[in-house]
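Beneath this line is the structure, given in C-alpha cells, with notes to follow.
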C-alpha cells in the first residue's frame, strides 16, 4: 500500500470512527501501525500502544472496520 493510499484509508477510518464514538482516542500513527500489522498478520508491535492498552474497545472497533 502506498503512502497516499494509506493516508486516505486512515482518514476514512478516523471519519467512520467519529460516527461510532463521540471522542475517539486513536492517533494517526496508531491507525497506520494497525493497518500495517493487519497486512503482515503480526500484531506484536500493537501490544505496546496506548490504543491497545488503554482504549481496547476502540482498538477492536478499528479491527472490525479494517
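Values quoted throughout were computed directly from the atomic coordinates according to the rules given, and no laboratory measurement underlies them. None of the values given here were measured: they were computed from a predicted structure.
Computed values, structure above
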| read-out | value |
| --- | --- |
| Residue-span extension gain [residue 39 to residue 22] - 0.36 nm each, minus C-alpha spacing | 3.3 nm |
| The chain, Rg to Rh (Cα coordinates; Rh as Kirkwood inverse mean 1/r) | 0.93 |
